[in-house]
């Protein structure tokens, strides 16, 4: 690259263009990038076109229905990610030097965690009002993609990936229970066996879901397997199907507060349940956390200890001992 070409790039390429182009490549299209950046699709397309004209090369090509970066586009994308990451790190370093917890906090959670994470974020923001939270709720496979590409500061999940080198911090219990419509015949049963359960119509999440993996593992330990009656894409859809009497399922108790209070679902008495798992805050091993994300991680661990202390207090109460 000649000096005049480099000077032209510095003068005419903007950080906003790099941000837009990075989002288009990462999200594989103009529409999703526009939604993520709260821009119109024509604006996104125009800025990418201007960036390509400034550099003097086509940056994207369409193969079938998918959009891919050209060889030059791949280089620009890598440079854009480095520049944008450096700018974020610069802002975080400045805040850290001031000793003030402020700036963006990027959290991704699997779908099940959406029932409690907003409450924890809300409590955190009360303590640190200058923090700007960004919460992404998605399925496990997409969370793992985001983990590998370092899109977030921390990820919240119930099953730690063994295929990646990560740091994982357990902070609260994830209690998995078997649920059915209140009129289901098994609601009258006691110590229902896994073999009995395996004969029921099972409603499950998509393959790879943390809850589904935990349940399949439990059944496999007994030489059993469940035959999915329906596969649904969210815990909310499964709850509605259970309430409609389409089958039984395993869900986190965190998801069921309203339904249990309203007697819309019933928890079955099944051998081996509830399954106690943990919720984890996860990041890639070796990644240096910003002051904001480290403070939030400390907050989660502190909240978890407090919840455990309260739970032990309930178990040790005179009322509990007298039961």
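Quick note: the coordinates plus some simple rules give every number you see, no bench work behind them. Since this is a predicted model, take the numbers as computed values, not measurements. When we count neighbours, we look across all protein chains shown, and the Cβ atoms used for this are built from the backbone with ideal geometry, even at glycine.
A few comments on the model shown:
- Cα gyration tensor shape for the stretch 11-61, rounded if a/c is under 1.5, else prolate or oblate: prolate
- In this rough spin-label picture, where each label sits 7 Å from Cα along the Cβ direction, the residue 276-residue 85 distance is 3.9 nm.
- Note that the stretch 3-89 carries a Kirkwood radius of 13.1 Å, evaluated over its alpha carbons pair by pair.
- Computed FRET value (nearest 0.05) for residue 14 with residue 132, which takes r as the C-beta separation and R₀ as 35 Å: 0.95
- Theoretical FRET efficiency, 1/(1+(r/R0)^6), r = Cβ-Cβ of residue 213 and residue 257, R0 22 Å, to 0.05: 0.35
- Coarse-grained scattering of the stretch 258-303 at q = 0.14, 0.25, 0.29, 0.30 Å⁻¹, given as base-10 log I(q)/I(0) from a Debye sum over alpha-carbon atoms: -0.64, -0.96, -1.11, -1.13
- Fraction of the pair-distance distribution of the chain above 30 Å, Cα-Cα pairs, percent: 49
- Cα-Cα pairs of the stretch 173-277 separated by more than 24 Å (percent): 11
- Extension reserve of the residue 149-residue 243 stretch, reckoned as 0.36 nm per residue once the Cα distance is removed: 30.0 nm
- Gyration tensor verdict on the stretch 41-190 (Cα atoms; rounded if a/c is under 1.5, prolate if a/b is larger than b/c, oblate otherwise): oblate
- Stretching residue 236 away from residue 302 to a fully extended chain increases their span by 20.9 nm, per 0.36 nm per residue minus the current alpha-carbon distance.
- Global form of the stretch 124-184, assessed from the alpha-carbon gyration tensor, a/c cut-off 1.5: oblate
- For the chain, the longest principal axis of the alpha carbon atoms and the long axis of helix 3-12 meet at an angle near 50°.
- At full extension, residue 28 and residue 196 could sit 55.9 nm farther apart than now, given 0.36 nm per residue minus the alpha carbon distance.
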